[in-house]
Amino acid sequence: MHASGYVNYHIQSPQPQAYHIDADGVTGAIKAPELVKTEIALTDLRTSAEAEPVFEADGIEFAPWPNATQPDASDQWQDAYDAEIRAFFTKRLGAREIIIFDHTHRIDSPDAVRKPARNVHSDYSAQGAEKRLTDLLGLEKAAEWRTGHFAFVNVWRPVENPINSSPLGFIRPGSVAPQDWVDIALIYPDRRGQILGLAANPAHDWIYRSKMTPDEIVFFNIYDNAGLPPVAHSAIDRTENASQNTVRQSIETRMLVRY
């Protein structure tokens with residue numbers, strides 16, 4: 001089944017572009033570069049006959065998540081949740097080592113510290129991934145990891161309720177041209193990083209899975225030093241059922257994988 005929604009694409013510009021995170025000393029305040037709101041057509045994999053993406057080929061995969069731990073407002077869940085993620089992905093990806101370094105709880109509310117990311121992007125550029133590797137591991141261990149195959153992978157899951165609004169959508173990597181990518185700086189109060197923004201291209205093949213539940217995950221490639229392409233993604237301005245008023249919540253977990 002085909003659907004539609006709106007996303008915010010980046011633009012190509014000769015001027016440096018950046019996000020300023022926790023801008024002006026205000027937690028959660030973000031100053032964004034120029035974005036262009038664009039209507040997109042997308043395929044709902046829940047109802048479509050299209051082939052499901054597979055991580056090894058497409059950099060993205062949807063999967064059931066029957067594990068018991070439910071993230072909440074406390075930090076009591078993290079150790080158990082991390083253990084579930086390590087067990088699942090050690091087997092699924094054949095990983096030698098998994099380092100979980102970030103959980104971001106996003107709530108689609110004006111008062112939320114972290115809202116759904118509504119710009120089309122991938123979480124790290126190659127430069128940003130290399131810097132993050134060193135930040136996490138230190139110079140010596142990062143150099144050791146670079147001699148083998150490593151990757152950054154994002155695991156995304158709904159919290160509390162099925163997703164009724166602002167679902168997470170993805171672009172199949174084969175429909176992205178190299179020139180579509182835009183380097184975007186991330187400027188935090190205490191550090192700098194770099195992501196990849198994406199400029200609009202009518203060839204982009206958007207997919208999503210409607211009404212994802214807390215019993216489902218989607219995992220996708222951010223950066224892979226062996227060449228698996230990054231997956232562009234964004235929250236989509238779309239509502240499945242206007243009569244429902246549940247707040248969109250999600251937890252995304254970033255992990256560093258050593259194959």
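FYI, it's all coordinate maths here, none of it is from the lab. Everything quoted here is computed from the prediction, not taken from an experiment. Methodologically, a virtual Cβ is constructed for each residue, glycine included, from the backbone with ideal geometry; neighbour enumeration extends over all protein chains shown.
Numbers below:
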item: Inter-probe distance in nm under a simple model that places probes 7 Å from Cα toward Cβ, at residue 27 and residue 46; result: 3.4
item: Residue order, fewest to most surrounding Cβ atoms within 10 angstrom, among 176, 113; result: 113, 176
item: Backbone N under 14 Å from the residue 57 label point (7 Å along Cα→Cβ), restricted to region 201-220; result: none
item: Exposure proxy order (Cβ contacts within 10 Å, fewest to most) of 123, 22, 72; result: 72, 22, 123
item: Potential extension, residue 161-residue 37 segment - 0.36 nm per residue separation minus Cα distance; result: 41.9 nm
item: Globularity index of the chain, i.e. its alpha-carbon radius of gyration over 2.2 N^0.38 Å; result: 0.97
item: Distance between modelled label sites at residue 141 and residue 114, nm, 7 Å Cα→Cβ extension; result: 2.1
